[in-house]
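One structure below.
Nothing in this text is a laboratory measurement; each read-out follows from the coordinates by a stated rule. Keep in mind it's a predicted model, so treat the numbers as computed, not measured. A quick note on method: Cβ atoms are made from the backbone with ideal geometry, for glycine too, and the neighbour counts reach across all protein chains shown.
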Amino acid sequence: MNEIIEILEKDARTTPEEIAKMLKIKVPVAKEAIKKLEKEGVILKYKTVINKDLLKSEEPTVRALIEVSIVPQKDLGFDHIAERIYSFPEVSSCYLISGTYDLLVIVEGKNIQTVSKFVAEKLSCLENVRRTTTHFMLKKYKEDGVILKHKEENKRIAISY
Amino acid sequence: MKNIVSKKVNQMQPSGIRAFFDLVLGMKDVISLGVGEPDFVTPWAIREAGIYSLEEGFTSYTSNKGLYKLRLGISRYLKNKCGLDYSPDDEILITVGVSEGVDLILRSIINPQDKVLVPVPSYVSYGPVTELAGGIPIYIDTTKEGFKLTPKNLSKHLHHKPKAIVLNYPCNPTGVSYTKKELSEINRILLKHNILAITDEVYGDLTYDFEHTHFASLNGAKENTVYLDGFSKSYAMTGWRVGFACGPKEIISAMTKIHQYTIMCVSITSQMAAYEAIEAGRKSIEEMKREYKRRREFVIDGLNSLGLSCSKPQGAFYAYPSLKKIGMNSMEFAEKLLKKQKVAVVPGTAFGGENGKDYIRISYASSFDNLKEALNRMKTFLGD
């Protein structure tokens, strides 16, 4: 794997100067490589992983995992209907899945009512959607490789041979 | 209780930097670059294997030599990796880290007054353990040759008629390692003069610029080498205390004799976890190694730009910069840096050699954020 990607995946704030030092390359070379990855669409976006549970002041949000069964369309397969679904801003993730249903859609909303409304009024009534099953998420433990817990303190003794 | 402690132990040199260590341990919010162990936690699959073994009720002794399947795993691993062929039956012993391995081999071979060569600066135990075993350590200072034992320097010490040499590479504290060619030259001399090679290769997996060469894999070296290694550094398993010794049957059998009376066997939980490490842990090693390598480049660059001149170490996770341009000795530097900027490093005097006072050991087994912050604080410190 491209080492620049490995570094940025761990910490998107790592500067080109730091990357250049770590990989012993010139700063413009690092900058150029990052630009190329961005241009090619390998790097899409730099974002922050936030544990929203700790945002006490914010309105809580609910998330639902929705299994969607679909009648594929001739010549278009699943892609067209998937696009119609993931274009809704309420949808945060959308995956085509093998097995007993077709699309796994993750929807975020203010409360159970808003999510239910979205499913009933937007999702289920799409022409090619055959059936939906909605699971509300109760607790997030780990997301995209990040464990949503306070950082553990260092357990090593401060000095040793 | 006067004179209760034995003469031998009384005569042992206490570590000169114990007081400094206590100072560090008593302080809060210190960024420590003084740690001799990985900053990674043992990979989960390995921890899980330990937990599962407890659930399954593996709570007994194992055979003195260690779990057969672990010895077999090590034997197969070495054979696949570099063709080194050690029989799991009588040429491999599971030890409590490399530390026990060092103790066992030295006690197994030393008769009173036997000499053992120890290139310095080096890890702290080789000399004292030699003395405890009744032998005499002969220190070879390698400072002038870039901390590398050269054939010339080695030859200068042959008149002592040493019985063995303890060679640690990649080296703690310097990070120096040797190419196959360099090791071959040393091997030729050892074979010619009938000097046993005791190699501590615990940092072997953390070699960055070339492939690590196991000493025993050199021409004719296997019968003349006791190879010590462990799981601590490469699998981030320091607290589990699992190491192993490989060598000729007679020597391993002698070491096992001492081991069975003093240790009996390594904790079964740790052995079960180590088995998982050797069977399935390679991927995590490669990832850790890439991370260490990046930190190395970052830290060496940072140190040099602060005037702490430092050549690039080829392995382990240590840098050993010189303080000559700074005009402070290592103890003074370490104490002041700790008190003023709360950054801990280990003074070179801990590791022997004539010039330990001119060097400090920096461990880059610490997160990038910590390393960055520590370098900034050192910059402030040196600017004051």
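Once you charge only the Cβ atoms, +1 for Lys and Arg and -1 for Asp and Glu, what is the size of the charge dipole of the range B:252-350 about its Cα centre, to the nearest 20 debye?
Numbers: 16 positive and 9 negative charges, 82 e Å.
Roughly 400 debye for the range B:252-350.
When the dipole is taken about the Cα centre of the protein assembly as shown, and only Lys, Arg (+1) and Asp, Glu (-1) are charged at their Cβ, what size is it in debye, to the nearest 20?
In debye, rounded to 20, the protein assembly as shown gives about 1320.
Thinking of the protein assembly as shown as a set of Cα atoms, what percent of all their pairs are more than 30 Å apart?
Here the long-distance tail beyond 30 Å is 60 percent of all Cα pairs in the protein assembly as shown.
Starting from the Cα gyration tensor of the range A:1-81, take the square roots of the eigenvalues, sort them a ≥ b ≥ c, and report rounded, prolate or oblate (rounded when a/c is under 1.5, otherwise prolate if a/b is larger than b/c, else oblate).
Here the range A:1-81 falls in the oblate category.
What order do you get for A:Ile50, B:Ile110 when you list them from fewest to most C-beta neighbours inside 10 Å?
Going from least to most buried by this count: A:Ile50, B:Ile110.
Any idea which of B:Ser232, B:Gly97, B:Val345 is furthest toward the positive side of the dipole for chain B, if Lys and Arg beta-carbons carry +1 and Asp and Glu beta-carbons -1?
Farthest towards the positive end: B:Val345.
Provide a whole-number value for the mean count of partner chain Cβ atoms within 10 Å of the Cβ atoms in peptide B:34-42.
Mean partner-chain Cβ count within 10 Å for B:34-42: 3.
Just how many % of Cα pairs in the range B:25-91 lie over 15 Å apart, if you round to the nearest whole percent?
Working: 1600 of 2211 pairs.
The answer is 72 percent, as a whole percent.
Normalized C-alpha radius of gyration of the range B:44-280, against 2.2 N^0.38 Å?
0.99
Less than 13 Å Cβ to Cβ from B:Lys342, Lys/Arg counted +1 and Asp/Glu -1: what total charge do the surrounding residues give?
Charge balance near B:Lys342 sits at +2.
May I ask what percent, to the nearest 5, of DSSP beta bridges between residues of the range B:154-277 are antiparallel?
Beta bridges within the range B:154-277, antiparallel portion: roughly 30 percent.
Set Lys and Arg Cβ to +1 and Asp and Glu Cβ to -1, take the dipole of the protein assembly as shown about its Cα centre, and tell me which of A:Ile4, B:Gly243, A:Val49 lies farthest positive.
B:Gly243
Which listed residue (A:Thr15, A:Tyr101, A:Leu76) has the Cα farthest towards the positive end of the charge dipole for chain A, taking +1 on Lys and Arg C-beta and -1 on Asp and Glu C-beta about the Cα centre?
Of the listed residues, the answer is A:Thr15.
Once you order the gyration tensor axes a ≥ b ≥ c over the Cα atoms, which shape class does the range B:183-229 get: rounded for a/c under 1.5, otherwise prolate or oblate by comparing a/b with b/c?
The shape class here is prolate.
Chymotrypsin sites (Phe, Trp or Tyr not before Pro) within the range A:93-149: which are DSSP loop residues with at most 14 other Cβ atoms inside 10 Å?
A:Tyr141
For helix A:27-39, report the angle its Cα long axis makes with the longest principal axis of the Cα atoms of chain A; keep it between 0 and 90° and round to the nearest 10°.
10 degrees
Which order do B:Asp22, A:Asp144 fall in if you start with the one that has the fewest other Cβ atoms within 10 Å?
Fewest to most other Cβ atoms nearby, the residues stand as A:Asp144, B:Asp22.
Within the set of other residues whose C-beta is less than 10 Å from the C-beta of B:Gly73, count the net charge using Lys and Arg as +1 and Asp and Glu as -1.
Charge balance in the 10 Å sphere: +1.
Going by the alpha-carbon gyration tensor, a ≥ b ≥ c the square roots of its eigenvalues, is the range B:127-249 rounded (a/c under 1.5) or, if a/c is not under 1.5, prolate (a/b greater than b/c) versus oblate? Show your work: numbers first, answer last.
Details: a/c = 1.41, a/b = 1.26, b/c = 1.12.
Cα axes put the range B:127-249 in the rounded bin.
With a cap of 11 neighbouring Cβ atoms within 10 Å, and only residues DSSP puts in a loop, list the trypsin sites (Lys or Arg not before Pro) found in the range A:26-83. Numbers along the way, then the final one.
Working: sites: A:Lys26, A:Lys31, A:Lys35, A:Lys36, A:Lys39, A:Lys45, A:Lys47, A:Lys52, A:Lys56, A:Arg63, A:Lys74; in loops: A:Lys26, A:Lys45, A:Lys47, A:Lys56, A:Lys74.
Those that pass, being in a loop and sparsely packed, are A:Lys26, A:Lys45, A:Lys47, A:Lys56, A:Lys74.
Which of the GluC sites (Glu not before Pro) found in the range A:1-70 are in a DSSP loop and have at most 14 neighbouring Cβ atoms, other than their own, within 10 Å?
Filter output for the range A:1-70: A:Glu40, A:Glu58.
Taking other Cβ within 10 Å of each residue's Cβ, how do B:Asp90, B:Asp205, A:Asp75, B:Asp200 sort, fewest first?
On the way: B:Asp90 15, B:Asp205 19, A:Asp75 6, B:Asp200 28.
Taking fewest neighbouring Cβ atoms as first place, the list is A:Asp75, B:Asp90, B:Asp205, B:Asp200.
Using +1 on the beta carbon of Lys and Arg, -1 on that of Asp and Glu, and nothing else charged, what's the dipole of chain B about the Cα centre, debye to 20?
Result for chain B is approximately 920 debye, rounded to the nearest 20.
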